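The values are calculated or read from the model by the stated rules, or taken from the named source; none is laboratory data. Computed from a prediction, not measured in an experiment: that's the story for all the values here. Because the Cβ atoms are built from the backbone with ideal geometry, glycine has one as well, and the counts that use them run over all protein chains shown.
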Amino acid sequence: METIVSPSLLSANFLHLDKEIEMINESEADWLHMDVMDGVFVPNISFGFPILDAVGKVCKKPMDVHLMIVHPENYIQQTAKSGAAIMNVHYEACVHLHRTIQAIHDAGMKAGVTLNPSTPVNVLEDIIGDVDIVQLMSVNPGFGGQKFIESSIKKVQRLRQLIERGGSQALIEVDGGVQVDTAPRLVEAGVDILVSGSYVFKAADPKATIHSLKQLHR
Ligand code: DX5
Ligand code: ZN
């Protein structure tokens, strides 16, 4: 299966967002990953709906929105309105996850559930048939450019087993520390979607870096 590449805008040059989106549009990137942080769920604040709305108007790639916020269920309509195709909510932020997944689908988006590094995959057992994507954090959420947590490779394998056991079609997305050394090992372990921030946007040639990630196949 072909690997989906979703560069993370968090590491882009915000002074030249138009140029960065132009690069994404011209590249082989499949999606554009957008990290929204509230300073409560994670110890950092990034950007919110004004940026999502502006990027949504010019980005030709589906927006893969990752909400690192408390009460993401209160922002489903606003996320859909920005033009997002995928909405990822954290398991740890959702008391009524099943209801939230339904509401994301009702708003016309694909639904993703994200797990922090310390959250085991088996908490998803009863919902795995209802989600389109499971996103595993391979760093603690909140910052770009952090070191990859090695145990994430085994976690991907456990998630792959859970998906197969549940007869689910869910895709596996990994976010954090995805670069030249970790990406091939993640794909081999069963990852479908690679999110990559600093490795892509800080590269001398971001388009070539995206191309190299697209070469990885399962
Ligand atoms: C971290 C964000 C990531 C971040 C990844 O909380 O969710 O999407 O941009 O950055 P890198 O690829 O640099 O680890
Ligand atoms: Zn992210």
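Brief remarks follow.
- Condition check for Lys147: of a type in the set (Lys, Arg), within 11 Å of ligand 1 (Cβ to nearest atom) and either closer than 26 Å to His16 by Cβ or exposed (fewer than 14 other Cβ atoms within 10 Å of the Cβ) (or both): yes
- Of the residues Val156, Val180, Val123, the single one that is hydrophobic (A, V, I, L, M, F, W, C) and within 14 Å of ligand 1 (Cβ to nearest atom) is Val180.
- Selection within segment 88-99 - over 16 Å from Asp38 (Cα atoms) and buried (at least 21 other Cβ atoms within 10 Å of the Cβ): Leu97
- Of all residue pairs spaced 6 or more apart or on separate chains, none has beta-carbon atoms under 8 Å together with a first member in segment 133-151 that is under 14 Å from Pro43 (Cβ atoms) and a second member that is surrounded by 21 or more Cβ atoms within 10 Å (Cβ to Cβ) and at pLDDT below 95.
- Subset of segment 86-119 (residues that are assigned to a loop (DSSP other than H, G, I, E, B) and hydrophobic (A, V, I, L, M, F, W, C)): Cys94, Val95, Ala107, Met109
- The single condition from (1) without any contact (Cβ under 8 Å) to a residue 24 or more places away in the chain; (2) in contact with a helix residue (DSSP H, G or I) (Cβ under 7 Å, 6 or more places away or on another chain); (3) among the β-branched types (Val, Ile, Thr) that Ile45 fails is (2).
- Count of segment 10-41 residues, restricted to those that are within 14 Å of ligand 2 (Cβ to nearest atom) and under 14 Å from Ile86 (Cβ atoms), is 6.
- Subset tally (residues that are part of a helix (DSSP H, G or I), in contact with a Ser or Thr (Cβ under 8 Å, 6 or more places away or on another chain) and away from ligand 1 (no atom under 15 Å from the Cβ)) for segment 188-212: 2
- All conditions in (1) free of Cβ contacts under 8 Å to residues at least 60 places away in the same chain; (2) within 13 Å of ligand 2 (Cβ to nearest atom) hold for Gln102, with the sole exception of (2).
- Enumeration of residues in segment 137-184 that are among the aliphatic types (A, V, I, L, M) and either more than 17 Å from the chain's Cα centre (by Cα) or in a strand (DSSP E or B) (or both): Met137, Leu162, Ile163, Leu171, Ile172, Val174, Val180
- The set of residues in segment 34-64 being of a type in the set (A, V, I, L, M), under 16 Å from the mean Cα position of the chain (by Cα) and closer than 15 Å to Ile21 by Cβ consists of Met34, Leu52, Met63.
- Selected residue (only one of Ser152, Ser198 is within 16 Å of ligand 2 (Cβ to nearest atom), touching a Pro at 6+ places or on another chain (Cβ under 8 Å) and at pLDDT 95 or above): Ser152
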